[in-house]
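Notes follow the structure.
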Amino acid sequence: MGRHRKQPATQVRRGSVIALTGMVPAGFAAVTAGASAVNTAEFMIMPLAHGDPAAQPAANAQPDELMHMAHQPAPPVVKSVSLAEDRAAADLPAAPGGIPGVANTAYHHAQDVLAEENPDCHMSWSILAGIGQVESHHAYGKLDAEGYPIKPVYGPVLNGTLAGNIAVRETDGGALDGMDSYARAVGPMQFLPETYRKYAADGRDSGVSDPQNIYDAALTAGKYLCSGGLDMNSEAQRTKAIMRYNNSMAYVMNVMAWESKYRDAAAAAAPVPAAPAPATTVGARM
């Protein structure tokens, strides 16, 4: 996401190391990154819980205020952790519609967390799944049991040489994307490092938010889409939110085509409630 596309020149967008060439549901055009993407996030350093004066309570804070602050979780540490290369992909069965089991769990978990933290947004798992499909095919369907891709997912280097891209300078010294001059999107939900740092969420309650982890990335994507008070039940506001990823109506249609496909597949696979037994009258007389 946040690929900072130039207008317009619709073409097939390339993902990390592999071309994103997944099939699109019938009736919808395949969208890629041909249109311009607007990345509205500004780089923000999260204050550390210890040692940073900005993270310490004010000296004149009242007891109720201190109690409120004590119940607020500290911002997660944003980093990409090193993992062994011989990890095995999780063996969870795919969900209806073909979503990898781990990814499906992550999208539903993000929906549940946001329903509690930001109920007015009405974020659904299926919107996140639509974005996850378009951006990386759910990490190419190869995730370990902890939600990490077997191979890290990276977008193309944004150095201005790829058609449709503008140059985006590195902002965090390569801590998240491994680059030292130009940036690239990272993880299964394809965030630019500066955007991820601003909205970083801890989807595993681990104290760490890693854009490569689908639990963290899905929850972060939900926060990003909901930011500014947007409500996914409003078509106009939902469109505005998705266009933060790629400022293109064709991109929105692509995401929502997959969203509809996944939602319909889940509904079709849901167990049908048993019909109630007919009422009987005990001891009825003829």
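Computed values, structure above
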read-out	value
Qualifying residues in region 140-161 (those that are in a loop (DSSP other than H, G, I, E, B) and in contact with a helix residue (DSSP H, G or I) (Cβ under 6 Å, 6 or more places away or on another chain)) - the one modelled with the lowest pLDDT	153
Whichever residue in region 226-265 is part of a helix (DSSP H, G or I) and among the acidic types (Asp, Glu) and, among such residues, is nearest to the chain's Cα centre (by Cα)	259
Qualifying residue in region 189-202 (condition: closer than 23 Å to residue 120 by Cβ, among the small types (Gly, Ala, Ser) and at pLDDT 95 or above)	yes
Residue among 113, 102, 77 that alone is closer than 14 Å to residue 203 by Cα and modelled with pLDDT under 95	77
Residues (crowded, with 24+ Cβ neighbours inside 10 Å and not in a helix (DSSP H, G or I)) located in region 101-139	123
Residue within region 153-176 that is under 16 Å from residue 218 (Cα atoms) and under 11 Å from the mean Cα position of the chain (by Cα) present	no
Residue tally, condition surrounded by 16 or more Cβ atoms within 10 Å (Cβ to Cβ) and of a type in the set (Lys, Arg), over region 77-100	1
Matching entry among 256, 232, 189 (being in contact (Cβ under 8 Å) with a residue 24 or more places away in the chain, of a type in the set (A, V, I, L, M), within 14 Å of residue 128 (Cβ to Cβ) and touching an Asp or Glu at 6+ places or on another chain (Cβ under 8 Å))	189
Residue check for residue 192: within 14 Å of residue 79 (Cα to Cα), out of contact with any His (no Cβ under 7 Å at 6 or more places or on another chain) and buried (at least 19 other Cβ atoms within 10 Å of the Cβ)	yes
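The values are calculated or read from the model by the stated rules, or taken from the named source; none is laboratory data. As the structure is a computational prediction, the values presented were derived from the model and not from experiment. Cβ: placed from backbone, ideal geometry, glycine included. Neighbour counts: every protein chain shown.
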